[in-house]
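Read through the structure below, which is laid out as C-alpha cells, and then see the notes.
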Amino acid sequence: MAGYPQTMVSLKKMLTSLTTFFSTAFVNLGNEFIPPAVRSLFFIVVHYFFTPQFTLIIEETAGLRNNQIYEAATTYLRTKISYSSKSKRIKVSKTNRQEKLSIDIVVGEVVIDHFENIELKWRLNSEKEKEDSDPHIYFTLAFDKIYEKDVLESYFPYVVARFEQIQKEEKERMRTIKLYSRDCARDRPGGEWVSINLEHPATFEKLAMDPALKMKVKDDLDRFVRRKELYKKVGKVWKRGYLLYGPPGTGKSSLIAAMANYLKFNIYDLNLSGGRYSDADLRRTLLSTSNRSILVIEDIDCGAQLEDREQENNSDTPFIKFTLAGLLNMIDGLWSSSGDERIIVFTTNHKDRLDPVLLRPGRMDVHVHMSYCTMDGLKILASNYLDFNCDHELYGHIEGLLGNVEVTPAEIAEVLLKKGGTDRCCSWQTCRIS
Ligand SMILES: Nc1ncnc2c1ncn2[C@@H]1O[C@H](COP(=O)(O)OP(=O)(O)OP(=O)(O)O)[C@@H](O)[C@H]1O
C-alpha cells in the first residue's frame, strides 16, 4: 500500500468492513425469512455499491516507445469482442488478402473480460485537447479495487502472453512454404538448393486415402510437433521418419505436400540420382537445410545410385556412391548437433526391396501404405472434382468394380478432371472406370 494517501487506505478499509458487516448481518438475519431471489439481488446491490472500482489508464506509448500493454490489449481484445454482450458496435474489415473478417473494438465501446473470478471492463477512449489536434486514444481498464495486485501481477502478463501466442499463430498462418530442390547446373557437384514457393493445393481433407490412416498420420504429426520437451528429456534428436510406399499415382507426393501445408514446413527435395556427391558435398547439402522442414528422398528403391559406397576411379574428386544406411547415419550425426523439428520422408514403389534394417523405428518410424483407390477415396475425389457430396445410385456398382480392378487415385482424378466443369450430374453418370 506504499504510495497511497492515508485517507484512501482508510476509505478502502471502511468500505470493505461495511460490505462484510452488511453481508454477514444479512446472511444471519435473512436466511430464514428472506426468499433466495431477494437475497441474491441484495448481494449484487451491495457488491455494486460498496466494492470500490479501480481504473487503470493504458496509453498507446510509454515515453518514446510503444506501450506493450496497449499493443497486446488491442490484439487480445479482438478475441473477446464477440463474447461481450456489452459491445453494441464493432469495427469490421477485410482486405482481399485476408481469408477471414477482422473485427476491432470501437471508441466508446466496453468489452468485458473475465480472468479467474475477476470481471474486467475494457473501454477504448478518444479525446482531443484542441479542436484541430490529433485524438489521444487510450484504454481504460476498470475492476474491483481488491484485485489490483492480481491484475497487475497476473492478468497483464497473461494478456501479453496471449498476444504473443496470437502473433505467433498469425505468423505461422501467413508463412509461405518453400520447395527446395538442387540446382545441378551450378558449378559445385551436387548443386545448390534453389527454392520456389510451394503452391501445391493438397490438404489432408482433399486426399483420397483411407480415413483412419489419414487421421493416424495427422495425429502423429501433431504429437511430434508437441513433443519438443520429451525428445530433449530422453536425449533423442527431434526428428521423425516416414516411409510412404505404394504404386505410382496413389498420392505419395500429394501426401508430402499436404503434410507441408498442414505443418507449414518447407520441403527439401533431395534427388540423389540427379547429383554426384562427395562426402563433403552431401554433408554441406544436409547442413544447409533449415529446421522445421521436411527432407524428401524419393524412390529409395531405385538403388542404382545408392549402391555400396564405392569410389569412382576415373576422377580426382572422390565422388562417392552411398548406401542408404550410410546416408541415414550421416543425417543422424548431423541432426543430432544441429537439427530440430525435422521430418524425413522416403518414398518407394517397392517396400519389399528395402533392407529391413532401414525399416526399423528411429529410421522410418511410420509406414504409410498408399493404396489403389477405395470407395472412400473415390467419394473424396468426386467431392473435389465434381462437388458431389451425397450418395449416388452408381456407388454400389462402382464399389463392386473397385473390388476387381486396380485403379489409382491419379487415374480417377484424370477422368474426373476431364468431366468436371460441364454438367456435373451428367458427367458423373458418364465416368467409367475401365
Ligand atoms: N490419394 C490421392 N488423393 C488425391 N489426389 C491424388 C491422390 N493420388 C494421386 N492424386 C492425383 O494424381 C496426381 C499424381 O499423384 P502423386 O504424384 O501424388 O502420386 P505419387 O504416388 O507420388 O506418384 P509417383 O510414385 O509416380 O511419384 C496428383 O497431383 C493428384 O492430382
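The values are calculated or read from the model by the stated rules, or taken from the named source; none is laboratory data. Note that the structure is predicted; figures quoted are calculated from it, not measured. Here the Cβ is made from the backbone with ideal geometry for all residues, glycine too, and neighbour counts use every protein chain on show. Side chains are part of the model used for accessible areas, which takes the heavy atoms of the whole protein and leaves out ligands, DNA and RNA. Shrake-Rupley method; radii C 1.70, N 1.55, O 1.52, S 1.80 Å.
Remarks
- Within the stretch 95-125, tally of residues that are of a type outside the set (A, V, I, L, M, F, W, C) and surrounded by 11 or more Cβ atoms within 10 Å (Cβ to Cβ): 9
- Restricting the stretch 252-279 to residues that are part of a helix (DSSP H, G or I) and more than 16 Å from the ligand (Cβ to nearest atom), the residue that is least open to solvent (accessible area, probe 1.4 Å) is Leu263.
- Taking every residue in the stretch 202-230 that is under 15 Å from Leu378 (Cα atoms) and pairing it with any residue that is part of a helix (DSSP H, G or I) and hydrophobic (A, V, I, L, M, F, W, C), at least 6 positions away or on another chain, the pairs with Cβ-Cβ distances below 6 Å are Phe204/Ala258; Leu207/Ala258; Ala208/Ile380; Ala208/Leu381.
- Within the stretch 329-365, tally of residues that are hydrophobic (A, V, I, L, M, F, W, C), open to solvent by 10 Å² or more (accessible area, probe 1.4 Å) and not in a helix (DSSP H, G or I): 1
- Of the residues making up the stretch 205-237, those that are of a type in the set (Lys, Arg), within 12 Å of the ligand (Cβ to nearest atom) and assigned to a helix (DSSP H, G or I) number 1.
- The set of residues in the stretch 366-387 that are more than 12 Å from the ligand (Cβ to nearest atom), over 16 Å from Thr250 (Cβ atoms) and not in a strand (DSSP E or B) comprises Leu386, Asp387.
- Reported count of residues in the stretch 238-251, each being under 22 Å from the mean Cα position of the chain (by Cα) and either near the ligand (Cβ under 6 Å from one of its atoms) or in a strand (DSSP E or B) (or both), is 4.
- Residue match in the stretch 174-196 (condition: open to solvent by less than 30 Å² (accessible area, probe 1.4 Å) and among the basic types (Lys, Arg)): no
- Residue check, Leu416 modelled with pLDDT under 85, more than 19 Å from Ile256 (Cα to Cα) and hydrophobic (A, V, I, L, M, F, W, C): no
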